[in-house]
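Asker: Take this structure, written in structure tokens, and hold onto it; I'll ask about it next.
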Ligand code: AMP
């Protein structure tokens, strides 16, 4: 069975075609600048060179049509007929309280996703365009939606409620949802397999630190708590997002700087985090490089980023009353030797003992970076949200 995984954004769309026989990626690619005359489609089929085309692609329906043409391409494609695509799996950021697991797309499911547009205005409408575009191009094909929030629906009320009037929860569903759930679930399962222990006997902290960043406390394979909240703005300091701050900063800066709600929202989401403090970049590679060259603001940005992450780890150890495995994943977590080193060197109180040499190894493999005596095992597990979406789709349609 072949499964096409789609991650549709408002002006971009990423795809991977999986063969579920061996979970291999047959083809993958992305369309960028949808809506423009100079949209870019980059496509790669296993064993063949990558190709790049610039075309007018004004909407998602055209983008999907172009993707299908590529998949069927005589030279660069991997299938001979669209009937070789058996199902499509979509990433959907917000599943609200309605969806605690992946589901097959029906009219009712689409109605529910639309009701959640207010909670994820930048994401859910774009995902819906992807779903509709597949429907238009592939008619009756089975589609599955996999939600970033679903895994975290196991959180107890004490974790997901905010201490504000309950009417806001009852009327408007204001609560913590948490995001990156597909990644937290994937790496927690992989970690249990890696150390050969049942997941339901473990206390884990998963640190998904990429451009967006969140961590989760996972007990018995279920989220006890996670750092992102109603939206992906809460929690850790990120590339361009502030993460946690005193909510009073919002009205205060609005008054002092004469900002509108939209402006303050944009400031916290797009102009805060690493970029705001370093003044250099939202990319940790650039920040680390500048820090190495003696830039003081870059150093401060790194210190704040690391310190805030380590405070969350400490809080989650207390929340779970213990810790068996600490997991690093996503762009920064998988690649930054320095960040992992700085965090782990200051967690010795909890029984974390970093193996400095293992931490230096650069690899795309799952690996342990703690010593064999370390009470807490520290692992680097490359995330694979697309594979998780393909597996979920396969599970539901097979
Ligand atoms: P992601 O969102 O998971 O794709 O992560 C992307 C981010 O990972 C980039 O913006 C970088 O900040 C970070 N990153 C990637 N490679 C490295 C590296 N070698 N060292 C530090 N950070 C990295």
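Asker: Between 35, 29, 47, 96, which is under 20 Å from the mean Cα position of the chain (by Cα) and over 22 Å from residue 178 (Cβ atoms)? Give the steps one after another, and end with the answer.
Answerer: Details: 35 fails: under 20 Å from the mean Cα position of the chain (by Cα); 47 fails: under 20 Å from the mean Cα position of the chain (by Cα); 96 fails: over 22 Å from residue 178 (Cβ atoms).
So the residue among 35, 29, 47, 96 that is under 20 Å from the mean Cα position of the chain (by Cα) and over 22 Å from residue 178 (Cβ atoms) is 29.
Asker: Is it the case, given these coordinates, that residue 97 is in contact (Cβ under 8 Å) with a residue 24 or more places away in the chain and surrounded by fewer than 17 Cβ atoms within 10 Å (Cβ to Cβ)? I'd like the intermediate steps shown before the answer.
Answerer: Details: in contact (Cβ under 8 Å) with a residue 24 or more places away in the chain: yes; surrounded by fewer than 17 Cβ atoms within 10 Å (Cβ to Cβ): yes.
Judged against the criteria, residue 97 is a match.
Asker: If you take just the helices (runs of 4 or more DSSP H) that sit entirely in segment 266-376, which of them hold at least 3 residues that are touching a residue at least 60 places away in the same chain (Cβ under 8 Å)? Before you say what the answer is, go through the steps one by one.
Answerer: Values: elements: 273-278, 284-292, 296-320, 330-335, 337-345, 356-360.
In segment 266-376, the matching helices (runs of 4 or more DSSP H) lie at 296-320, 330-335.
Asker: Taking segment 351-366 on its own, how many of its residues are at negative phi and either surrounded by fewer than 16 Cβ atoms within 10 Å (Cβ to Cβ) or out of contact with any helix residue (DSSP H, G or I) (no Cβ under 7 Å at 6 or more places or on another chain) (or both)? Steps first, answer last, please.
Answerer: Taking segment 351-366 first, the residues at negative phi are 352-366.
Retained after the next criterion (residues that are either surrounded by fewer than 16 Cβ atoms within 10 Å (Cβ to Cβ) or out of contact with any helix residue (DSSP H, G or I) (no Cβ under 7 Å at 6 or more places or on another chain) (or both)): 353, 355-358, 360-365.
Count: 11.
Asker: While we're on this one: If I filter segment 377-388 for residues that are over 22 Å from the mean Cα position of the chain (by Cα), over 11 Å from residue 328 (Cβ atoms) and surrounded by fewer than 18 Cβ atoms within 10 Å (Cβ to Cβ), do I get at least one hit? Let's see the steps before the verdict.
Answerer: Initially, segment 377-388 is screened for residues over 22 Å from the mean Cα position of the chain (by Cα), giving 377.
Filter once more, keeping what is over 11 Å from residue 328 (Cβ atoms): 377.
When the remaining residues are screened for being surrounded by fewer than 18 Cβ atoms within 10 Å (Cβ to Cβ), the result is none.
Looking through segment 377-388, none of the residues is over 22 Å from the mean Cα position of the chain (by Cα), over 11 Å from residue 328 (Cβ atoms) and surrounded by fewer than 18 Cβ atoms within 10 Å (Cβ to Cβ).
Asker: Next question. Checking the condition under 23 Å from residue 344 (Cβ atoms) and crowded, with 17+ Cβ neighbours inside 10 Å, which residue from 300, 326, 268 passes?
Answerer: On the way: 300 fails: crowded, with 17+ Cβ neighbours inside 10 Å; 268 fails: under 23 Å from residue 344 (Cβ atoms).
Within the list 300, 326, 268, the selection yields 326.
Asker: Would segment 197-208 turn up any residue that is within 23 Å of the chain's Cα centre (by Cα), closer than 30 Å to residue 85 by Cα and crowded, with 18+ Cβ neighbours inside 10 Å?
Answerer: no
Asker: Give the residue, chosen from 64, 79, that is crowded, with 16+ Cβ neighbours inside 10 Å, in contact with a helix residue (DSSP H, G or I) (Cβ under 6 Å, 6 or more places away or on another chain) and assigned to a loop (DSSP other than H, G, I, E, B).
Answerer: Details: 64 fails: assigned to a loop (DSSP other than H, G, I, E, B).
The unique qualifying residue is 79.
Asker: Please determine, by comparing only the residues of segment 240-253 that are part of a helix (DSSP H, G or I) and loosely packed, with under 15 Cβ neighbours inside 10 Å, which one is farthest from the chain's Cα centre (by Cα). Steps first, answer last, please.
Answerer: Pass one, segment 240-253, residues part of a helix (DSSP H, G or I): 249-253.
From what's left, loosely packed, with under 15 Cβ neighbours inside 10 Å: 249, 251-252.
On the way: 249: 27, 251: 30, 252: 31 Å.
Filtering segment 240-253 for residues that are part of a helix (DSSP H, G or I) and loosely packed, with under 15 Cβ neighbours inside 10 Å, the one farthest from the chain's Cα centre (by Cα) comes out as 252.
Asker: Please enumerate the residues belonging to segment 278-298 that are in contact with a helix residue (DSSP H, G or I) (Cβ under 8 Å, 6 or more places away or on another chain) and more than 15 Å from the ligand (Cβ to nearest atom).
Answerer: 279, 295, 297, listed by residue number.
Asker: Among the listed residues 214, 227, identify the single one that is more than 15 Å from the ligand (Cβ to nearest atom), closer than 23 Å to residue 384 by Cα, within 14 Å of the chain's Cα centre (by Cα) and at pLDDT 95 or above. If you could, list the steps in order and put the result at the bottom.
Answerer: Working: 214 fails: more than 15 Å from the ligand (Cβ to nearest atom).
Answer to the selection: 227.
Asker: May I pose another question? When only residues in segment 11-29 that are out of contact with any helix residue (DSSP H, G or I) (no Cβ under 9 Å at 6 or more places or on another chain) and touching a residue at least 12 places away in the same chain (Cβ under 8 Å) count, which is surrounded by the fewest Cβ atoms within 10 Å (Cβ to Cβ)?
Answerer: In this case the residue turns out to be 21.
Asker: Pairs needed: first member in segment 202-225, without any contact (Cβ under 8 Å) to a residue 40 or more places away in the chain; second member anywhere, away from the ligand (no atom under 16 Å from the Cβ) and assigned to a loop (DSSP other than H, G, I, E, B); C-beta distance under 8 Å; at least 6 residues apart or different chains.
Answerer: Taking only residues 6 or more apart or on different chains, the pairs are 214/178; 218/202; 220/202; 221/202.
Asker: When you scan segment 255-265, do you find a residue that is under 27 Å from the mean Cα position of the chain (by Cα) and not in a helix (DSSP H, G or I), even just one? Step through it out loud before you land on a result.
Answerer: Narrowing segment 255-265 to residues under 27 Å from the mean Cα position of the chain (by Cα): 261-265.
When the remaining residues are screened for being not in a helix (DSSP H, G or I), the result is none.
No, segment 255-265 contains no residue that is under 27 Å from the mean Cα position of the chain (by Cα) and not in a helix (DSSP H, G or I).
Asker: Moving to a separate point now. Condition test on residue 31, is it in a strand (DSSP E or B) and under 20 Å from residue 393 (Cβ atoms)?
Answerer: Considered against the rule, which asks whether it is in a strand (DSSP E or B) and under 20 Å from residue 393 (Cβ atoms), residue 31 comes out as no.
Residues are listed down the side, and each one gets a yes or a no for (1) outside any loop (DSSP other than H, G, I, E, B); (2) without any contact (Cβ under 8 Å) to a residue 12 or more places away in the chain:
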| site | (1), (2) |
| --- | --- |
| 119 | no, no |
| 129 | yes, no |
| 137 | yes, no |
| 168 | yes, yes |
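Asker: Which of the residues belonging to segment 181-197 are under 20 Å from residue 93 (Cα atoms) and touching a residue at least 60 places away in the same chain (Cβ under 8 Å)? Even if it seems obvious, please write down each step before you answer.
Answerer: Residues of segment 181-197 under 20 Å from residue 93 (Cα atoms): 181-188.
Passing the criteria: 182, 183, 185, 186, 187, 188.
The values are calculated or read from the model by the stated rules, or taken from the named source; none is laboratory data. Every value quoted in this text rests on a predicted model; they were computed, and no experiment measured them. Please note: Cβ atoms are built from the backbone with ideal geometry, for glycine as well, and neighbour counts cover all protein chains shown.
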